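Remarks on the structure that follows.
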Amino acid sequence: MELLENRIAKDGTVKEGNVLKVDSFLNHQMDIGLFNEMGKELKRLFSDRKITKILTIEASGIAIAAVAAQYFDNVPVVFAKKSQSINLDGSVYSTKIRSFTHGREYDVIVSKKYLSPEDHILVIDDFLANGCAIEGLIEIIKESGATIEGVGIAIEKGFQDGGKKLRESGVNLHSLAIIDSMDASTGKINFRHL
Ligand code: 5GP
């Protein structure tokens, strides 16, 4: 998506450790006009799928998913919560996710009330790196018996292997911008065009 690529090239900053900072428009300050265009593009990419619910993960996925939901007939958005303590009363689906940016594992939960076997889910997140966050969400969806219709990502770092793993496992994955390489010393970012 050209609009997003141009914005990343203009305002994104490359940090050591393969981290791209997009705080000025995506995950701290948020450009809602841009989010609307991303929502429209996600709808276009998944227009052949019947989506009844969007699933994302806190915190940065929430705003992108919420804006996008308006283009999917205002389907509900559920976000997986990062939890300190797993609730053991059986009322939640849970899984462990290794955080790319924080380098530690945490539990995420979704209440069983909000995912059911009748649901057709689109998963949305801000970044795809090694794929742990999305794999965790997919595990939760499988546990619930719902159908995974696809995964929509704002920025995929194509030089990390999350996208490759998911595509090889048959996941219907679309990323709005795919970065092939980026360099912290020069700040240069190269995009992949399919
Ligand atoms: P994964 O689980 O695919 O390794 O990493 C995805 C998660 O890590 C995303 O939810 C995102 O919050 C965070 N993340 C991964 N790479 C980056 C990055 O380069 N920049 C930022 N801002 N977040 C990232």
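The values are calculated or read from the model by the stated rules, or taken from the named source; none is laboratory data. Being a predicted model, the structure only gives us computed values, none of them experimental. FYI the Cβ positions are ideal-geometry reconstructions off the backbone, even for glycines, and counts take in every protein chain you see. Protein only, heavy atoms only, side chains kept; ligands, DNA and RNA dropped before computing areas. Shrake-Rupley method; radii C 1.70, N 1.55, O 1.52, S 1.80 Å.
Of all residues in the range 67-97, those being closer than 16 Å to Leu137 by Cβ and free of Cβ contacts under 8 Å to residues at least 24 places away in the same chain number 1. Scanning for something touching a Lys or Arg at 6+ places or on another chain (Cβ under 8 Å) and surrounded by fewer than 16 Cβ atoms within 10 Å (Cβ to Cβ), does the range 162-177 turn up at least one residue? Checking the range 162-177: not a single residue is touching a Lys or Arg at 6+ places or on another chain (Cβ under 8 Å) and surrounded by fewer than 16 Cβ atoms within 10 Å (Cβ to Cβ). Restricting attention to the range 43-52, does a residue exist that is out of contact with any Leu (no Cβ under 7 Å at 6 or more places or on another chain) and either assigned to a strand (DSSP E or B) or buried (at least 21 other Cβ atoms within 10 Å of the Cβ) (or both)? Within the range 43-52 (the criterion being out of contact with any Leu (no Cβ under 7 Å at 6 or more places or on another chain) and either assigned to a strand (DSSP E or B) or buried (at least 21 other Cβ atoms within 10 Å of the Cβ) (or both)), the answer is no, since none of the residues qualifies. The strands (runs of 3 or more DSSP E) falling completely within the range 82-194 that include 1 or more residues that are closer than 19 Å to Glu5 by Cβ map to 120-128, 147-157, 173-182, 189-191.
Considering Phe127, Phe100, the condition of being open to solvent by 70 Å² or more (accessible area, probe 1.4 Å), touching a residue at least 24 places away in the same chain (Cβ under 8 Å) and within 11 Å of the ligand (Cβ to nearest atom) is satisfied by Phe100 alone.
Set side by side, the residues Phe46, Phe25 differ, and just one is touching a residue at least 12 places away in the same chain (Cβ under 8 Å), within 16 Å of the ligand (Cβ to nearest atom) and among the hydrophobic types (A, V, I, L, M, F, W, C), which is Phe25.
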